[in-house]
1. Below 18 Å, Cα to Cα, which aspartates and glutamates can K281 reach? Residues fewer than 8 away in the same chain don't count.
2. Tell me which aspartates and glutamates have Cα within less than 19 Å of K244's Cα, excluding those fewer than 8 residues away on the same chain?
3. Give K224/K343; K267/K387; K313/K366; K339/K387 a once-over and call out the pairs whose C-alpha atoms are over 26 Å from each other.
4. What distance in nm separates the two pseudo spin-label positions at I222 and E452, each 7 Å out from Cα along the beta-carbon direction?
5. Using a Cα-Cα cut-off of under 16 Å, which aspartates and glutamates could be cross-linked to K494, ignoring same-chain neighbours fewer than 8 residues away?
6. Using label points projected 7 Å from each Cα along Cα→Cβ, tell me how many nm separate D270 and A432, to one decimal.
7. Quick one: order C368, C122 by neighbouring beta-carbon count within 10 Å, fewest to most.
8. What's the ranking of 270-277, 86-93, 259-266, 477-484 by average number of surrounding C-beta atoms within 10 Å, highest first?
Amino acid sequence: MNKTTVRNFSTRARAGIDRRAFVKTAALAGAGLAAGPAIARAAKIPAKDRAAKRAAQNAAAQAAAPDATPVAGFDATGKPNVLMICIDDLRTWVNCLGYSQAKTPNIDRLFAMGVTLTRAYCPAPVCNPSRTALLTGLRPSTTGVYNNGDDWRVNKIIGDAPTLPLWLTRHGYNTFGAGKIYHDNYRRESDWTEYPKYETQKALPSPESRAGVLDIKFRPLIAKDSDMVDHHTVDYCIDVLNRKHDKPFLIGCGLHKPHMPWEVPQKYFDMYPLDKLELPKVQPNLDALPASGKRMALAGGQHEAMLKTGRWKEAVQAYLACITFLDAQIGRLLDAFDKCAHKDNTIILFWVDHGWHLGEQQHWRKFCLWENAARVPVMWRVPGMTKPGARCERTLDHTGIFPTLCDLLGLPLPPQQLEGASYRALLENPGAAWNRPALTTFMQNNHSVRTEKWRYIRYKDGGEELYDHDTDPLEWNNLAGDPRHDALKKDLAKWFPKVNVTMQSAGAKKAKNAGKGANAAAGDSDE
Ligand SMILES: [Ca+2]
């Protein structure tokens, strides 16, 4: 917990528009610019100063942006606003996706407002590559951002490609970010009009001295909700929702739980008594997996340790406690949203960077290509377009988010070649035809393709898995060795990336060389 960071919102919450003006002025000053005509001065920015260059590009693009045109379905006051809720490590353990053990009344309330994507998948089962792919529209196999050690900001392939928030900043939006949106180590505040600074959170006391099993960290806290980082993040977003806005806005609300450490106030643990808790079903043996799949499953050794220590139920309890803590914060945000002046002209998008395993496939954490790590809750609410309570069962991954949002907002596509396609048509008609599978990549050249019926995994060494989700939703029966499926596999393999660029960071190389330890290596910088 000592390492956890928090933004200091307390003083900022009072500053309102004055602060916004200050931040903007400071950004311009930092770029060597005074307030005023930005384009003429942009040429004076030293080319080597990337942040300054970006600030100049933002100013130039804003000055050149055409007048906002309302998108059909919105009121005539201007372009729609966007509230983007970004969640960390939440598998589909929410009521509205069929998991009754979790208490998620507010997430359920939110999802009932729009279209729930029942088959949404992450581009990578790791924080940094998943978020990088979502926010740049470029897959890990294209950029080489495979792991948490790969700093996307200095990635040569990404270069100056604008991120999703930066693209909105350049097209007339005021953009407000808070919490974890990019991977924590690689924030880039200059993409946003306003992004409160971090400061270290003091440690909170705990009644439980045993802080987990191996790297699975969990314990209840003696704390109030208001002591928690996510509470402060929501406070900030509520403050922004309650402001008057002279431009359309994007709010990025990045919440950290249920990411580890699974430490939230005791009351959330008390909601899940251990004697009533149900454990996930675990694949009894891994004989059907290829060697590479088996290594991925067992990397880290957490499941064996859970069984040895007898603390598996406590760990599941702690994860559920964190989900319900998160749910309470979503509830606060929604309450404010319902009362705010922007409700009828604001899109809501809820996404999660990837899922989690709590023992299935004898595996813990993310860092694998099976359903529980790859599938995540996603919801869109687009006023005038989506129907409350609608559900879309098509296979979608996060590379579709950037083009979909451009489509909804009437923005041009960014200069980089986005690898996903807009699925606006599915938001309008969730039952419409869709012929693209979801693609998830873990490290270099290990891929999973998911259609509505099949999951096909192929590892770098040629190991394969094929599962029929109509009959085998737990993915226990690997059909890849059955020659009757050869044509199917060939067809699905067409979706695997043709390019798998080399890993670029020292952290990624460590994981690659470790072979058996991709899990542990990826976790080194898992903040
Ligand atoms: Ca994550």
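Bear in mind these aren't lab numbers, they're just calculated from the coordinates by the rules spelled out. Computed from a predicted structure; not experimentally measured. Quick reminder, even Gly has a Cβ in these numbers, built from the backbone with ideal geometry, and neighbours come from all protein chains shown.
1. Straight-distance partners of K281: E304, E314, E360, E371, D468, D470, D472, E475.
2. Leaving aside aspartates and glutamates fewer than 8 places away in the same chain, those within reach of K244 are D18, D75, E194, D235, D335, D338, D344.
3. On the way: K224/K343 29 Å; K267/K387 35 Å; K313/K366 19 Å; K339/K387 20 Å.
The pairs that break the limit, which is 26 Å between Cα atoms, are K224/K343; K267/K387.
4. Each label point is offset 7 Å from its Cα along the Cβ direction, giving 5.5 nm.
5. Cross-link targets: E419, E464, E465, D486.
6. In this crude spin-label approximation the distance works out to 4.9 nm.
7. C368, C122
8. Result, highest mean Cβ count within 10 Å first: 86-93, 259-266, 477-484, 270-277.
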